[in-house]
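Worksheet: the structure to be examined is printed underneath.
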Amino acid sequence: MKTADQQSGFVLVGAIGLTLIFLLIAGLLGVYADRQYETAAGVKALINDSLDQQSTVQTLIFLLATKQSDMHGLQAGGLNAIKLDGRHYQGVGEQIFSLNDSGGLVSVNSMANRHLERLLGNYESSALRRQMLMNALYDYIDDDDKARLNGKEAPAYRAAKMAPPANSILKSAQELVKVFGWSEWLTAHPDSNLQGWLTGDWRPFLNINTAPEALLLKVLPLNMADRLLLINRRNETPFSNVSDVNATLNMRARLDEDYFSYWPGNRFRLRLFSSGNNKLSTMEISFTPMKTSAPWEIEYWYLSERRFDIAESVGPIAEDYFLGRMPATEQ
């Protein structure tokens with residue numbers, strides 16, 4: 001027969017046990033709720049980031065389709081032209097973007113490609129290796145099956161267990177990794193930044209007014225002093241033609257008129273990323289106002305790892321277009 005004290009003790013122990021169980025459950029529920037909140041907050045941030053990205057892209061497509069592009073850049077409102085040389089600007093929210101006139105980048109689809117050969121020469125000292133890379137590229141994009149000297153056609157690809165050459169132009173510069181020898185070379189030269197300076201555009205011209213400054217320093221067939229002179233001059237007043245360039249150089253050197261241009265075309269590369277992550281979205285857009293199907297066409301759009309930091313300040317542009325969320329810093 002249990003005494004009243006013993007029964008009270010059992011009740012007390014049971015109550016304490018139930019209290020501990022309730023506290024444990026409450027603690028677990030609290031942890032679960034915190035994790036669910038963190039997950040929800042993360043999902044919300046991703047959704048907001050995606051919406052900001054889409055808003056920035058659509059705004060830029062609207063501006064490119066409706067505003068005038070001239071030698072100064074894209075006139076996006078007032079005097080704040082968006083330069084087409086790859087400098088960074090603030091978009092919607094935390095989005096940062098850059099625009100390039102494709103004519104200011106080096107084509108991978110041009111035959112007798114002087115600009116790419118000269119650019120390659122900055123990173124590859126072996127003339128034979130440069131010849132092998134360039135002729136492999138020419139063999140890949142030409143429409144015949146005859147291999148050039150030190151080039152590569154289908155038999156060499158099959159022997160290396162690679163997909164045979166398309167014998168057609170590359171859709172984007174990223175496809176260089178499919179060309180014999182290029183994937184290994186690019187991996188061995190991560191400092192070359194060729195992917196950032198190349199385009200799938202087929203034109204052999206390079207726009208002196210819109211090419212990134214670092215690219216011009218490597219491809220202009222001039223001494224360094226004259227290269228810097230042209231860059232300083234174009235930042236003040238863009239060049240109109242090759243005679244304007246030669247006059248600036250006081251006729252010390254002449255640029256070949258067949259390989260340089262001065263006005264933006266109808267194809268642009270947009271690079272977009274959030275300041276809070278290392279993902280980089282890249283797209284190339286062609287504007288085709290004479291087509292009946294669509295006024296523009298996205299040539300490609302891919303996501304990659306961002307392998308660069310922003311060294312320069314981010315430029316503000318017309319506030320009406322990006323909801324007034326531009327920083328006060330100057331480019």
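Assuming R0 = 25 Å, what is the FRET efficiency of E297 and A163, from their Cβ-Cβ distance, to the nearest 0.05?
On the way: r = 26 Å, r/R0 = 1.02.
Efficiency, from the Cβ-Cβ distance: 0.45.
Subtracting the Cα-Cα distance of R129 and F62 from 0.36 nm times their residue separation leaves 19.7 nm of extension gain. Relative to its residue count, the stretch 94-205 spans a Cα convex hull of 118 Å³ per residue.
Stretched out straight at 0.36 nm per residue, the stretch from Q174 to I310 would grow longer than its current Cα-Cα span by 46.8 nm. Calculated FRET efficiency, N278 to L20, Cβ-Cβ distance, R0 = 45 Å: about 0.50 to the nearest 0.05. R0 = 51 Å: FRET efficiency of E213 with L28, Cβ-based, nearest 0.05? It comes out at approximately 0.30.
Legend: distances between Cα atoms for K83/K152; K161/K218; K178/K218; K146/K171; pairs beyond 29 Å are K83/K152; K161/K218.
Values quoted throughout were computed directly from the atomic coordinates according to the rules given, and no laboratory measurement underlies them. Just so it is clear, the model here is predicted, and its values are computed rather than measured. FYI the Cβ positions are ideal-geometry reconstructions off the backbone, even for glycines, and counts take in every protein chain you see.
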